[in-house]
């Protein structure tokens, strides 16, 4: 009988994952990860992790499986929270959920599970694991999209390695969310109607802006509105000798100075804002809402443009340095000079878009067929072939 440790989060997805594994004949152990205990940064005086761990315990009791809470808050602080603040201070936008899976659930947590004699670690992610053979007949693990198009969470696992995938199970990947809720209702689980958590990965009810404001000091600066007719957007296009020159040209972000537009308002810190953001600018008197088109954390200036079609929001090429490049399917990785047509996305909820990967000496260019809105440094681009996620990288 193989032993599986399930990360019980106190939500419906991991609850049903544990039940399905039981049905498949595994010996199941439930562990709840306590990743945060600084109560000064939750929004309300509720204690979300206590409520969640209590629900997880009730589910374990109902299923008749062993349960315990593991405190990973020290590792979470060092690997996720400190990294996040550091990235925001540099004017980049990290994705804590992707990091949490790579660094916490499938690393620190996985090590604990394996010490408990587990063969596998399971989570309630909507994705699937496949196995194929490489040319040498060795097993190669695939990360595939969940069957529920509306809930596919493979993006959040885009940084997993072959080693991590070899020990991972995703029991609900073949189900839709309504089917999962239905199973939970039939079992009368306390989590059956519980709303999905909207907070940071395993921190609970924490909204990011409030979280950042409690750690990064406010600093007053100006918001500069840049007109869409600005000459920055009408640069002369040079004649390119090579494809790489062309990609390098189009991957450059627009650069602005305080004289690029008119000062329309003040803000409390450029590091609180990210490209594409609309909320929180508090500027009135424009026909269409303003969007952040760039942040300059050094000069503490936010550049904004009117309307979601503003040219300052769009680019079709991005770059990932070799140091930040990650292939789940190492056997399909590109050599310098090679290219590959894929489907790619730069954020979780975005539909997959046609793109081409170009591997060059220093890294990889991703050229989208259509311009993408708000390509933001620090976030992850992930690329697929059909329903399989092949790799990802941090946008430079």
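A few comments on the model shown:
- Condition met for residue 318 (touching a residue at least 24 places away in the same chain (Cβ under 8 Å), farther than 24 Å from residue 250 by Cβ and in contact with a strand residue (DSSP E or B) (Cβ under 6 Å, 6 or more places away or on another chain)): no
- For the range 234-254, filtered to residues that are part of a loop (DSSP other than H, G, I, E, B) and out of contact with any helix residue (DSSP H, G or I) (no Cβ under 8 Å at 6 or more places or on another chain), the residue that is surrounded by the most Cβ atoms within 10 Å (Cβ to Cβ) is 253.
Here's the yes/no breakdown for (1) farther than 19 Å from residue 13 by Cα; (2) in contact with a helix residue (DSSP H, G or I) (Cβ under 8 Å, 6 or more places away or on another chain); (3) without any contact (Cβ under 8 Å) to a residue 24 or more places away in the chain; (4) assigned to a strand (DSSP E or B):
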residue: 87; (1), (2), (3), (4): yes, no, no, no
residue: 93; (1), (2), (3), (4): yes, yes, no, no
residue: 103; (1), (2), (3), (4): yes, yes, no, no
residue: 106; (1), (2), (3), (4): no, yes, no, no
residue: 140; (1), (2), (3), (4): yes, yes, no, yes
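- Cβ-Cβ contacts under 6 Å between residues 6 or more apart (or on different chains), taken from a first residue in the range 248-267 that is under 16 Å from residue 314 (Cβ atoms) to a second residue that is surrounded by 12 or more Cβ atoms within 10 Å (Cβ to Cβ) and modelled with pLDDT of 95 or more, are listed as 250/317; 251/317; 251/318; 251/319; 254/312; 256/294; 256/303.
- Residue within the range 120-130 that is within 16 Å of residue 80 (Cβ to Cβ) and either in contact with a helix residue (DSSP H, G or I) (Cβ under 8 Å, 6 or more places away or on another chain) or at pLDDT below 95 (or both) present: no
- Any hit, the range 108-117, residues being in contact with a strand residue (DSSP E or B) (Cβ under 9 Å, 6 or more places away or on another chain), within 20 Å of residue 10 (Cβ to Cβ) and crowded, with 22+ Cβ neighbours inside 10 Å: yes
- Every listed requirement among (1) over 21 Å from residue 195 (Cβ atoms); (2) at pLDDT 95 or above; (3) over 19 Å from the mean Cα position of the chain (by Cα) is met by residue 56 save one, (1).
- So residue 173, is it over 18 Å from residue 380 (Cβ atoms), within 22 Å of the chain's Cα centre (by Cα) and either in contact (Cβ under 8 Å) with a residue 12 or more places away in the chain or not assigned by TED's automatic domain parsing to the domain that holds residue 73 (or both): yes
Rundown of residues vs (1) modelled with pLDDT under 95; (2) closer than 23 Å to residue 273 by Cα, yes/no style:
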residue: 206; (1), (2): yes, yes
residue: 209; (1), (2): yes, yes
residue: 221; (1), (2): no, yes
residue: 224; (1), (2): no, yes
residue: 242; (1), (2): no, no
residue: 247; (1), (2): no, no
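- Residue satisfying condition, being under 28 Å from residue 305 (Cβ atoms), out of contact with any strand residue (DSSP E or B) (no Cβ under 6 Å at 6 or more places or on another chain) and surrounded by fewer than 22 Cβ atoms within 10 Å (Cβ to Cβ), within set 369, 359, 350: 350
- Matching residues, the range 380-391, being buried (at least 23 other Cβ atoms within 10 Å of the Cβ) and either within 17 Å of residue 316 (Cα to Cα) or without any contact (Cβ under 8 Å) to a residue 60 or more places away in the chain (or both): 380, 381, 382, 383
- Filter result for residue 124 (under 14 Å from residue 7 (Cβ atoms) and touching a residue at least 60 places away in the same chain (Cβ under 8 Å)): yes
The values are calculated or read from the model by the stated rules, or taken from the named source; none is laboratory data. Everything numeric in this text was worked out from a predicted model, so none of it was measured. Counting neighbours? That spans all protein chains shown, and the Cβs are built from the backbone with ideal geometry, glycine included.
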